[in-house]
Amino acid sequence: MQRRIIHLGGGLAVAVALVSGAQAESSSPSSPADPALGATQTAPASEQPKPQPLPVYRSPLNEYRPYRVDEPLRSWKDANDEARRLGGHMGHLAPSSKGGER
């Protein structure tokens with residue numbers, strides 16, 4: 001008997017929560033030109049601001065340098081030593097104090 005009451009109470013609680021959530025939602029979004037909000041009228045179409053142009057798309061793959069067979073490979077120890085000298089992986093972003101050295 002107690003189990004039925006608990007199931008009924010839980011179902012009733014869920015139903016009340018759903019109904020109260022549905023009532024809290026407005027039926028239609030209010031527009032900025034809504035007179036109830038204090039706006040008098042919208043501007044004519046000729047005075048509407050023009051849309052901003054979209055930014056130019058730049059692919060991150062434009063600067064991709066593919067593997068070349070004729071390019072010599074470096075040992076991993078040399079690569080690690082260079083990374084340590086530059087200050088770790090974040091050091092690659094900072095300008096070198098010695099100039100254009102790679």
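The values are calculated or read from the model by the stated rules, or taken from the named source; none is laboratory data. Note that this is a predicted model, so its numbers are computed, not measured. Glycine also receives a Cβ, built like all others from the backbone with ideal geometry; neighbour counts cover every protein chain displayed.
Within the range 70-87, can one find any residue that is touching a helix residue (DSSP H, G or I) at 6+ places or on another chain (Cβ under 7 Å) and either assigned to a helix (DSSP H, G or I) or at pLDDT 85 or above (or both)?
Yes, because at least one residue in the range 70-87 is touching a helix residue (DSSP H, G or I) at 6+ places or on another chain (Cβ under 7 Å) and either assigned to a helix (DSSP H, G or I) or at pLDDT 85 or above (or both).
Considering only the range 17-33, I want to know if a residue exists there that is part of a loop (DSSP other than H, G, I, E, B) and modelled with pLDDT of 80 or more.
To start, the set of residues in the range 17-33 that are part of a loop (DSSP other than H, G, I, E, B) comprises 25-33.
Subset that is modelled with pLDDT of 80 or more: none.
No; the residues of the range 17-33 include none that is part of a loop (DSSP other than H, G, I, E, B) and modelled with pLDDT of 80 or more.
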